[in-house]
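Where a number appears in this text, it was derived from the coordinates with a stated rule and is not lab data. Model, not experiment: these values are computed from the prediction.
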Amino acid sequence: MEAIFGISALLLESGALMSGLTVNQGGWHSALLLAVVLTLATLLPAIVGGEHAPEPAFAEVAKVDLSGSGAYMGAAVLAYAGFFLMLLALGALGAQPNGPIVSGFAIFSTAFAFSAGNLLPLERLGPFRTPRLLIAAGLGLSLVGSLVLWSAIREQAAVAIVCSTALVAFGNGLTISRCFQRATLVSPDGFSGALLTMACVMIVTISLSMAAGVLTGSFQGAQVVAFGLAFVVVTLFGGFGAVRVAGL
């Protein structure tokens with residue numbers, strides 16, 4: 001499972017890069033078209049495969065059921081929003097002295113830190129065998145990193161910017177893969193919970209892209225709020241079982 005989510009993270013980051021380049025070259029209308037195409041490409045294998053898949057002899061075929069653990073799915077969406085806001089904040093460093101170099105190093109560090117959070121098997125450690133505790137720990141790291149990054153950007157402290165960015169990405173790596181695992185495992189059909197979460201992530205990131213001009217100067221504050229809300233949601237509601245979101 002960890003390897004699958006690690007590969008998925010690479011594909012997701014590649015998609016994010018494609019979206020960024022598309023917005024830069026063709027505006028948000030082109031990015032919206034790209035998001036629609038990628039969504040259809042994601043859903044097509046499940047639709048086509050479901051039509052030709054043989055029915056099991058001793059089990060009822062699972063219907064498409066958009067359900068999952070509501071707390072973890074919501075936390076994943078908020079964590080992605082916080083991470084995207086961080087990237088917007090780093091992109092706005094160009095006006096500072098050595099801003100492009102600092103921003104480049106910080107963004108480069110997120111690739112390794114995010115993958116490390118995805119792949120490290122911390123579930124084997126006693127305190128983190130409960131999914132809620134591990135995800136809450138990841139969100140806590142991202143929240144602390146966000147607060148440090150907010151201060152570091154104001155003080156123009158290059159080293160602190162890079163380190164706090166890596167901390168946010170590491171915590172996000174811990175959070176995202178486990179949230180998607182929970183959404184997948186509790187979905188009766190094995191995929192709809194994760195697909196619903198990803199669809200919400202795409203909607204949120206596209207909305208933030210369109211609202212970037214309005215949020216200029218408050219990226220860091222919004223980032224802290226996003227991770228803080230995700231931490232509260234998991235802490236308060238992460239212990240409950242599957243929560244039905246919708247059903248077909």
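Things to note:
- Segment residue 237-residue 96, extension gain: residue separation times 0.36 nm, minus the distance between their alpha carbons: 46.7 nm
- Given their separation in residues at 0.36 nm each and the Cα-Cα distance between them, residue 160 and residue 120 gain 12.0 nm when the chain is fully extended.
- Estimated translational diffusion coefficient (Stokes-Einstein, Kirkwood radius over Cα pairs, 4 °C, 1.567 mPa s) of region 70-220: 81 µm² per second.
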